Amino acid sequence: MPVLVSHPDEVKVLSRRFGQGAADIDKYLELDGYKAVQKAIESGSEWVINEMKASGLRGRGGAGFPTGMKWSFVPKVSEKPKYVLVNGDESEPGTCKDHVIFLHDPHAVIEGTMIAGLAIGAKMGFIYLRGEYRYLLKIVEKAVADAYAKGFLGKNIFGKEGVDFDIVTQSGAGAYEVGEESALMESLEGKRGVPRIKPPFPAVVGLYGGPTVINNAETIASAPHILLMGGEAYAKLGSERNGGTRLFGISGMVERPGVYELPMGYNLKKAIYEVAGGVKGGRKLKAVVPGGSSCPVLLPEEIDVGLDFDQMGKAGTMLGSGGIVVLDETVSIVEFALRTIKFYQHESCGWCIPCREGTDWLKKTLTRFYNGAGNAKDINNIQYLAENMMGRTFCPLGDAAAMPTLGFIKKFRGEFEEYLKGQRTEKAFITTDELIGAAH
Amino acid sequence: MSTVTDSIFSPATAARFDKLVTLYPVKRSALVPMLLYAQDEVGYVSDAVVAEIAQRLDLLELDVRGVLSYYSMLRTKPAGKYNVQVCTNISCMLVGGYDILDHCKAKLGIGHKEVTADGLFSLEEVECIGACCWAPAMQVNYDFHENLTPAKVDVILEDYAAGRGKDVK
Amino acid sequence: MPDVTFTVDGQQLTAPAGTLLIDACKAAGIQIPAFCYYPGLSLQAACRMCVVRIEKVPKLATACTTTVAEGMVVATETPEIAQARKATLQLLLGNHPLDCPVCDAGGQCELQDMTFKYGAAESFYTEPKNHREEQKWSPTVYFDRPRCILCYRCVRMCGEGMDVYALGIQNRGSSAVIAPNIPASQTEDGLAKLDCEECGMCIDVCPVGALTSDTYRYKTRPWEMNHVATICTHCGDGCKTTLGVRSTTDGSEIMRGDNRDKSGLNGDFLCNKGRYGFDFANSPQRITEPMLRQPNGEFKTVTWDEALAFTGKRLREIRDAGKQTAVIGGNRLTNEEAYLLQKFARTVLGTNNIDHHRTADYVTLAAALAGHRDRFASQHDNENAPAILLVGGDPTNEAPLTAWNLRTNVRLNNAKLFIVNHRAIKLRRQAKNFAQIDELGYGAAVEALANGTGDAALNAITEAVKAQQSLVILIGDELRGEALKRLIDFGLTLPNTKFALLGDYVNAHGAADMGLLPDMLPGYQPVQGHHDFANEYGERFNSTPGLDLVGIFDAANAGNLGALYIVNANPVSRYSIEESYLANTFTVVHEMFFTETAKLADVILPCANLYEKSGSVTNSYGDLQLVQKASDRAGVRTDLELIVRVADAMGANIRELVPFGKKSSGLRADLGQTRGAQAGEADRHAVWLTSNNLEPKLSPFDPFAVLDEIQRLVPGYDLLRLQLLSGNDQHLSPAAPADLIQIAPARRDLVLPADDTLFTSGTLGRYSPKLTELADKYAVEPAGIPAD
Ligand SMILES: Cc1cc2nc3c(=O)[nH]c(=O)nc-3n(C[C@H](O)[C@H](O)[C@H](O)COP(=O)(O)O)c2cc1C
Ligand code: SF4
Ligand code: FES
């Protein structure tokens, strides 16, 4: 059972109910559960969307797209049914925030899904969890069943004539790429998790061809809180154009790893040294991967920066999924780069050439390099490969593999060159000679 | 709608599948979870499983195979009764994920995607399982085990060997 | 869609809104490279070769998914784009084996061409390429995995195009692979296999050498062959097939058939018969020397002179002794040969005992449409007709191109397909309405269809077709005589209806048009009626209908048939004729093989097949096409040449049989008023030639000499020479003018459908090793019909 952590700097909005047994529907109701959705039913979709816009909430899945705006893109009228799709595929290495939401506050996700549905005029929502999260799926399934039992889901919810909403929970079966929104829809339609050609975008043509809002589980779980406290108030918690708070998962070599709820714009350095208790064993900080493994690495001198989408962007990296991974001085960047690319090679769906072949050649080259058979040309080849993947792939997974690689090469080229000379002092993690090949 | 008469699944699972296909606007949507649940019962996705699921969803077996082979949790060969999946992705690696993997290898005497002679355990090095903040972590079947140390792993594996281990499907 | 204007590489272009950029550019002569894009198939955007730079778009965009928009400004060849493409190629070549020198695709490989263009030849990876053994998926398809670049063309062609869905994608990432539908776990040899229609379309669309055909792989190089585009001999659809031919010691050998020349009326399509069914021509079982039956019953090979002299002598004796004679022609003859055969019978043997194996009732079709113009549907109409009614027939198996066109038309143009059939034929999967009827109930069904008095399914179709602005009615061979006429009459009550009757074999329609019939002259003119032929055909022509095929064999059996002359046909097996029937009949047979019929002959004259001759053929739809001599076999002669030589050996005046050379008499002034057919014929033909600016042909063996006469005398065959010579098909309406047609009510129905499957082709098919192999493989159930 994931241990809950806490720190005075935390602003508990989303995590308010964590650790209080809110997975139980009565407990959830006690903690003013399902108030927001009823308020939404009374006030109507216009109001909901305006509150969401006012809240400055930006997608917690990684891209940081303004949620209120996303909802407003959905056409009012449509022959085909509209849908809400909750993305709980959480697979970006370094990320485990949705995990705690499903565990401690599943009803918040359900209520948020209903709110999104009301906002866009959908009568059905899907909550998709990665296959590995089976125990969480059971928790969510029970929560959904309880909500139906109470008449919060189904026909005439909360006794309101003609207000219907259904939720179906869905399990994945092991695929990072399925977290990509259009691949997720393919998976939910029973197909291979290969993304779709865009345009058309999900808001227009999504699940089963109907207009669809797809949001990350944390984004969705934030909605009820926003409606309860009001968009304005929520926005004020965060920084400019980055409303509210966010769950940050701090992992790796820190004293107190864990999922902390911090205001948007909170200083990264403080998050590491104060909130998470600093580098483990008081060792020296070497690098930080700030938002999940696809974000370019930051050097110790670069971490005095606010944790929001814009400031991280300026710092030449991304806020991403909010998974902060901390590396101390003992880590070999070559090894870390290899382990990172190995993941993307394993997860590439294989649809497009630059990603399928690019991640494969990056992995092969880095593996040989790591095993001591590298040469000076390799460093340039690695950079060449990554540069030629950037922006050229069918979906952003290719970029997600290329960006960190470029970051490592650019910021640690020296270390790569040293590595060639065999002067590697760092401790080796990867002890297995055979690395996981691609699936099957 | 093809209702299967001589299902290879337990009555419970068969009934569950009958229901599952009715939940979605398009019944094919049941495919991915169905494959996983079928694997939970049969141990792997056998040709027979593919055949029945194809029949239930009115799909070509080729189509089912295409989907099944895409998802890394689905396997077409039996695994151990307890499938030990050790994460070695970055957050875990940094705090000893590989040590845990090596410890399991030594302890079980098997390597990646291998099964012990008695068929009790199988071992897999897996990608991020979403437990980064409680790393190093592993899953035995669906159950998470976090903040691992070799000593903890010994206890966990012994519990499973003795049938005391948590195993919720 | 309204046109939009946009700029590509500085050029102002316009195209209908919604056009894909890649197509719009192609139309303007700007080639954008692409592996995964294939016109008409669903979009993939997977290969990233078609990337272009569009102003105000942050990333490079894929031209294969971008639709043109007003004011769009596009660059298709900048250093940035070239680099992107080069990098993509480098990634592919990293694993792609460089065995181009031995690869089937070498010299015609899109990857090779791209590499040449963007210069990514130097592969900078030191890792070994992952090698995989080549796999045999079926009797026709091989898969070489490392060569595959995963463009998914084959998968889409098999699924969307062929509606077979035998190919899929398995695994993911760098282990993603194209997989056939029978997994390794379910075959004896533990290797994956294909269960499909074996059409070879996947091989055809493969841009590299990943999918290759058993018949061709590692046999030769593209540039070592002559490529001759001719017409497939097998079904009545009339696909163009390009034969790759290589010289051998005894003539030449056909190495492959494919559709690289996409100019035929089959466009992209070719079925397994057109692709692989040429191998009978190379068969060692071919008869290559004339044979005479000896008194002891044995055959003895003789010289051509001896065989022809003997044949001519005997036929002449029998004719002059006043004995009955008869001819039976085949469905794979050219129009010229079919015409010449009936003319030979009518003017040299002096008999109307003429017939052929009738596979559809073209006589009734012609009669029912007599006097109507433009009522014959062309194969091309299937490509874009908004609505099609198919009554009877099973195009998927019997007319694969027709099936392809219907599927494509439904898929791309939302054409409405209505089907009435006694079997649940596969095309019902594309049908808007399908009515299943009783096997023997076509007459009743047509009646009900016309009156809207059928069951719900049938009435729905009546309703629907009546609502159409225009309709193509495709008719299977189940409909004949009255039923056929009734259906056509019903069709004629609807606006803009066109008809086609689906027969079997390359020239079944032509055989009927050319008058290989006892009661009908070329162009369906009744022998007893009044027509030019009386004057044209000389004194031996008589105007009483002759014996039909069954009558001919009855006469033979009764000992009343002196001679029977069979050209490229196997009636003995087709109509299961007793050996004894022909005991007292002098039988001459043009054949390639020792067929049941050839075995009973007194003389066997080894003949060429369609791939070894020139001339013209007419498909089920009345589309006329040129066939071109691709290969040849030492020793054999074309049927045209043989008929002329036999007539010559009989002492006939060849100039009367084949209008060739300048008549000694020259062009007379009194245009044909002179009595005596020869003179009249000479005059008419000469006059006609000059009036059509045509030269007299110099050789009696020149098919065009006969074509001249066909064009002059056969109603409906007024064709355009240029069209024909440029290898294009042209559509004919071979129905005689109304006043000429009146069918004897007592006419008996001798239609005997071939009922060929995808893997059979009458007698000929049995001599094709590949078709035989496939027929055996799929003996159990028809190929590739997915569950639905
Ligand atoms: C390769 C890839 C993997 C992704 N994985 C996830 C994921 O696991 N969870 C998630 O919420 N979003 C993921 N995303 C982002 C989604 O595509 C999508 O932007 C997001 O779910 C939208 O929700 P939001 O607006 O609330 O962030 C992924 C994107 C890519 C390109
Ligand atoms: S970039 Fe291409 S191969 Fe990679 S995951 Fe996206 S679509 Fe698949
Ligand atoms: S890196 Fe191991 S659980 Fe995320």
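The residues of region B:11-70 expose on average 32 square angstrom of accessible surface per residue, using a 1.4 Å probe on protein heavy atoms.
Between region A:26-84 and region A:180-223, the alpha-carbon centres lie 16 Å apart. DSSP finds beta bridges in the protein assembly as shown, and of those with both partners inside it, around 50 percent are antiparallel. Counts of other chain beta carbons within 10 angstrom of each beta carbon in peptide C:621-627 average 0.
Angle, helix C:703-713 long axis vs. longest principal axis of chain C, Cα atoms, 0 to 90°, nearest 10? Approximately 70 degrees, to the nearest ten. Between C:M49, A:V194, C:I473, the Cα set farthest toward the positive side of the dipole of the protein assembly as shown (charges on each charged residue's Cβ, about the Cα centre) is that of C:M49. Only beta bridges with both residues in region B:82-162 are counted; by DSSP, about 55 percent of them are antiparallel.
If you count, for each residue, the other Cβ atoms within 10 Å and average over each peptide, how do C:340-353, C:593-606 line up from highest to lowest?
Details: C:340-353: 25.1, C:593-606: 21.6.
Packing order, densest peptide first, comes out as C:340-353, C:593-606.
Treating only the Cβ of Lys, Arg, Asp and Glu as charged (+1, +1, -1, -1), what charge dipole size does the protein assembly as shown show about its Cα centre? Round to the nearest 20 debye.
For this selection, approximately 1880 debye.
Each peptide in B:35-46, C:226-237, A:104-115 receives the mean, over its residues, of other Cβ atoms within 10 Å, and ordering these scores from highest gives A:104-115, C:226-237, B:35-46. How big, in percent, is the set of alpha carbon pairs in the protein assembly as shown lying more than 65 Å apart? In whole percent, the share of Cα-Cα pairs in the protein assembly as shown beyond 65 Å is 25.
Per-residue Cβ counts within 10 Å, from other chains only, averaged over C:176-182: what number is that?
Partner Cβ neighbours, averaged per residue: 4.
Charge tally around A:V275: other residues with Cβ under 12 Å, Lys/Arg +1 each, Asp/Glu -1 each, net -2. Leaving ligands and nucleic acids aside, the C/A contact buries around 3100 square angstrom of accessible area in total at a 1.4 Å probe radius. Taken residue by residue and averaged, Cβ atoms of other chains lying within 10 Å of the Cβ of A:390-396 number 4. For chain B, the relative contact order works out to 18 percent when only alpha carbon pairs closer than 8 Å and six or more residues apart are counted. Computed over chain B, the per-residue total of -39500 (n - 2.57) for DSSP H runs of n ≥ 4 gives a 222 nm mean residue ellipticity of -12000 deg cm²/dmol, rounded to 500. With protein chains left intact and a 1.4 Å probe, residues in chain A average 31 Å² of accessible area per residue. For region A:108-140 versus region C:469-492, the spacing of their alpha-carbon centroids is 57 Å. Here region B:82-162 has 55 percent of its accessible surface on carbon and sulfur atoms, given a 1.4 Å probe and all protein chains in place. When the charge dipole of region C:113-158 is built from unit charges on Cβ atoms (+1 for Lys and Arg, -1 for Asp and Glu) and taken about the Cα centre, the candidate among C:N130, C:T115, C:V141 whose Cα reaches farthest toward its positive end is C:V141. Using +1 at the Cβ of each Lys and Arg and -1 at the Cβ of each Asp and Glu in region B:53-169, identify which of B:Y98, B:Y82, B:I53 lies farthest towards the dipole's positive end. Highest projection toward the positive end goes to B:I53. When a/c is below 1.5 the answer is rounded, else prolate if a/b is larger than b/c, else oblate, so apply that to region A:82-198 with a ≥ b ≥ c taken from the square roots of the Cα gyration tensor eigenvalues. Oblate.
Given only helices, namely DSSP H runs of n ≥ 4 each adding -39500 (n - 2.57), what is the per-residue ellipticity at 222 nm of chain C, to the nearest 500 deg cm²/dmol?
Values: 27 runs with 222 residues, N = 788.
Result for chain C: -7500 deg cm²/dmol, rounded to the nearest 500.
Measuring nothing but protein heavy atoms, the accessible surface of chain A at 1.4 Å probe radius is 56 percent carbon and sulfur. Below 26 Å, Cα to Cα, which lysines can C:K56 reach? Residues fewer than 8 away in the same chain don't count. Result set, ordered by chain and number: A:K70, A:K198, A:K314, C:K26, C:K86.
Measuring between their Cα centroids, region C:379-426 and region C:152-213 lie 25 Å from each other. When you restrict to C-alpha pairs under 8 Å that are six or more residues apart and normalise by the size of chain A, the relative contact order lands at 16 percent. The label-point distance for C:Q186 and C:Q469, in a model that sets each label 7 Å from Cα toward Cβ, rounds to 4.6 nm. Hey, which of these cross-link pairs are over 23 Å Cα-Cα: B:K81/B:K105; C:K193/C:K770; A:K97/A:K123; A:K286/B:K113; A:K82/C:K59; A:K342/B:K107? Correct reply: A:K97/A:K123; A:K286/B:K113; A:K82/C:K59; A:K342/B:K107. Taking the C-alpha atoms only, the angle from helix A:35-55 to the longest principal axis of chain A is near 40 degrees.
Between helix C:481-492 and chain C there is an angle of about 50 degrees, using the helix long axis and the longest principal axis of the Cα atoms.
If Lys and Arg each add +1 and Asp and Glu each add -1, what is the summed charge of the other residues whose beta carbon sits under 11 Å from the beta carbon of B:A131?
Here the charged neighbours net out to -3.
C:V8: net charge of surrounding residues, Cβ under 14 Å, Lys/Arg +1, Asp/Glu -1, itself excluded? That sum, taken over residues with Cβ under 14 Å, equals -3.
List the relative contact order of chain C as a percent without decimals, with contacts defined as Cα pairs under 8 Å and 6+ residues apart. Walk me through the numbers before you get to the answer.
Working: 1665 pairs, mean separation 110.5, N = 788.
Relative CO of chain C lands at 14 percent.
Measuring heavy-atom accessible area with a 1.4 angstrom probe and counting protein chains only, the residues of region B:7-44 that give up at least 30 Å² relative to the chain alone are B:L23, B:Y24, B:P25, B:R28, B:S29, B:V32, B:P33, B:L36, B:Y37.
For chain A, what proportion of DSSP beta bridges, expressed in % and rounded to the nearest 5, is antiparallel?
Working: 16 of 38 bridges.
Within chain A, antiparallel bridges account for around 40 percent of the total.
The values are calculated or read from the model by the stated rules, or taken from the named source; none is laboratory data. Here the structure is a predicted model, which is why all the values come from computation and not from measurement. Ideal geometry is used to build each Cβ from the backbone, glycine not excepted, and the neighbour counts take in all protein chains shown. For accessibility, only protein heavy atoms count, side chains too; no ligands or nucleic acids. Shrake-Rupley method; radii C 1.70, N 1.55, O 1.52, S 1.80 Å.
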